[in-house]
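A short write-up of the structure that comes next.
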Amino acid sequence: MDPIVIIGSGLAGYSVLREFRKRDQDTPVTLICADDGHFYSKPNLSNALAAGKSAEQLVSTPRAKMASDLKAEIVAHARVTAIDVAGRRVRWAGGETGYSKLILALGADPIPHSLAEPGSGKVFAVNDLQDYAAFRAALRPESRVAILGGGLIGSEFANDLAAAGYAVEVVHLGPWPLERLIPQEVGRALADALAEKGVTWHFGHTAKAIETAGEGIALTLDDGSRVEADIVLSAIGLRSRTQLAASAGLQVNRGIVVDKTLQTSAADVYAVGDCAEVDGQVLPYVMPLMQQARALAATLAGERTELRYPAMPVVVKTPALPLAVLPPAPGTEGNWRVDCSDAGICALYLDAGTVLQGFVLAGKQAAQRSQYAAKLGQPV
Ligand SMILES: Cc1cc2nc3c(=O)[nH]c(=O)nc-3n(C[C@H](O)[C@H](O)[C@H](O)COP(=O)(O)OP(=O)(O)OC[C@H]3O[C@@H](n4cnc5c(N)ncnc54)[C@H](O)[C@@H]3O)c2cc1C
């Protein structure tokens, strides 16, 4: 009997394996990954600089221990190049295996900045341990860092870099950070809190040119102004890795399209985590992928289980102003009601019947996220 094959050693791939082993100790599982397969928690990448952590220190469990703890064969440094759905096989340079069931946990790629000179050695994106190691190695004590994008990842890095003592400027097209997730009042408070830590913001602008300037780099913004830096960190978004699935004839859209059991358009092939699109939504966060992993593990162990998401607030790791964010479902009609106090900011998204449809809690209020999550769907 061929093993269950998981492709990907990120939080999604390892969570499926861990959850499956809680239910089934015997069925052979092979996990294949393009990286080294050591286990780490990706969210730590954006708060590790101030803590002085190296990439090696972010590894919480080495590959060999993952393999023995979870009774799996782990094939590292193997980039799968083809899936043969009809023949139930996957191939990589130098190897191939059959599968009884296949789980795609391929993650997402940072969207490359169109102006960044590939190979300039000064423009980085940080999406895995290797990226983090390269970025950290390039930083010098006095480095000026320009961040492209003031979304969740850009804002977290801005906070971390500023806390680590670097001069940080953020170029962000939106009118305030995380504008797609949080209302203006909270966005302004976050921008101010980070500005107090030394972050300079350029809202409503994009970089039109990025050029080497002496030892450093110069960004020309769309209004002609210039930002000078030593290093650029691009954080303009992520794109699900869909190409491998598409080449195998699976249905893809923004992500690899799956049904509520996480099954793709091919029988016995599933997708989880940042690469998966469930019900038209790609939710590139830890809580959704944990829910997906639990449901999928049950299905793989023989108990067909449909995914049901609970309320899943996202914690934004900006110690200057911690946030807990639970955005309303796309298309939900309503308005923000914002209350500010010494305890922080409480922004509730209410529909016409004052039913709670989403929230953003900032400062000390962020600790109340479970209480507010429990009130979701109820009048407040
Ligand atoms: C800096 C940063 C901070 C974040 N902070 C938070 C946070 O605070 N809270 C939160 O909820 N979320 C956060 N996120 C998002 C969260 O970390 C991700 O949603 C999650 O880690 C995605 O896990 P994944 O396993 O789907 O993908 P990945 O971790 O990207 O794993 C993908 C795996 O697939 C492998 N792979 C890909 N293609 C192939 C191939 N062809 N063959 C073999 N292997 C392949 C890769 O090598 C890798 O092992 C953050 C993300 C980033 C980048």
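Does residue 172 qualify as being over 19 Å from residue 322 (Cβ atoms), free of Cβ contacts under 8 Å to residues at least 40 places away in the same chain and crowded, with 19+ Cβ neighbours inside 10 Å?
yes
So is residue 68 within 30 Å of residue 267 (Cα to Cα), away from the ligand (no atom under 11 Å from the Cβ), over 17 Å from the mean Cα position of the chain (by Cα) and surrounded by fewer than 18 Cβ atoms within 10 Å (Cβ to Cβ) or not?
yes
Scan 360, 380, 315, 325 and give me the residue that is surrounded by fewer than 21 Cβ atoms within 10 Å (Cβ to Cβ), modelled with pLDDT of 95 or more and of a type in the set (Val, Ile, Thr).
Unique residue meeting the criteria: 315.
In segment 71-105, which residues are of a type in the set (S, T, N, Q) and under 25 Å from the mean Cα position of the chain (by Cα)?
81
Tell me, yes or no, whether segment 319-327 has at least one residue that is in contact with a strand residue (DSSP E or B) (Cβ under 7 Å, 6 or more places away or on another chain), without any contact (Cβ under 8 Å) to a residue 40 or more places away in the chain and not assigned by TED's automatic domain parsing to the domain that holds residue 288.
no
Being aromatic (Phe, Trp, Tyr) and either away from the ligand (no atom under 16 Å from the Cβ) or at positive phi (or both): is that true of residue 203 here?
Against the criterion (aromatic (Phe, Trp, Tyr) and either away from the ligand (no atom under 16 Å from the Cβ) or at positive phi (or both)), residue 203 qualifies.
Looking at residue 365 and the list (1) assigned to a loop (DSSP other than H, G, I, E, B); (2) within 29 Å of residue 177 (Cα to Cα); (3) polar (S, T, N, Q), which single condition is not satisfied?
(1)
Tally up the residues in segment 224-258 that are more than 17 Å from residue 278 (Cβ to Cβ) and free of Cβ contacts under 8 Å to residues at least 40 places away in the same chain, please.
5
Checking residue 285 against (1) in contact with a strand residue (DSSP E or B) (Cβ under 6 Å, 6 or more places away or on another chain); (2) hydroxyl-bearing (Ser, Thr, Tyr); (3) touching a residue at least 40 places away in the same chain (Cβ under 8 Å), which test does it fail?
All conditions pass for residue 285, except number (3).
Give me the pairs: first residue in segment 40-59 and assigned by TED's automatic domain parsing to the domain that holds residue 147, second residue modelled with pLDDT of 95 or more, beta-carbon distance under 8 Å, and six or more apart or on different chains, which are they?
Sorted first by the residue in segment 40-59, then by its partner, the list stays empty.
With the condition being hydroxyl-bearing (Ser, Thr, Tyr), I'd like the strands (runs of 3 or more DSSP E) fully within segment 226-294 carrying at least 1 qualifying residues.
Output list reads 231-234, 238-240, 269-271.
Hey, does segment 326-337 have a residue that's within 21 Å of the chain's Cα centre (by Cα) and within 16 Å of the ligand (Cβ to nearest atom)?
yes
Restricting the first residue to segment 71-87 and requiring it to be on the phi > 0 side of the Ramachandran plot, which pairs with a second residue that is away from the ligand (no atom under 14 Å from the Cβ) and assigned to a loop (DSSP other than H, G, I, E, B) meet a Cβ separation below 8 Å and a spacing of at least six or different chains?
71/25
Hey, could you check segment 141-167 for residues that are hydroxyl-bearing (Ser, Thr, Tyr) and in contact with a Ser or Thr (Cβ under 6 Å, 6 or more places away or on another chain) and say which is surrounded by the most Cβ atoms within 10 Å (Cβ to Cβ)?
Ranking the qualifying residues of segment 141-167, first place goes to 155.
The values are calculated or read from the model by the stated rules, or taken from the named source; none is laboratory data. Note that the coordinates shown come from a computational prediction; the quantities given were computed from them, not determined experimentally. Heads up, the Cβs are rebuilt from the backbone with ideal geometry, glycines too, and the neighbour counts pull from every protein chain shown.
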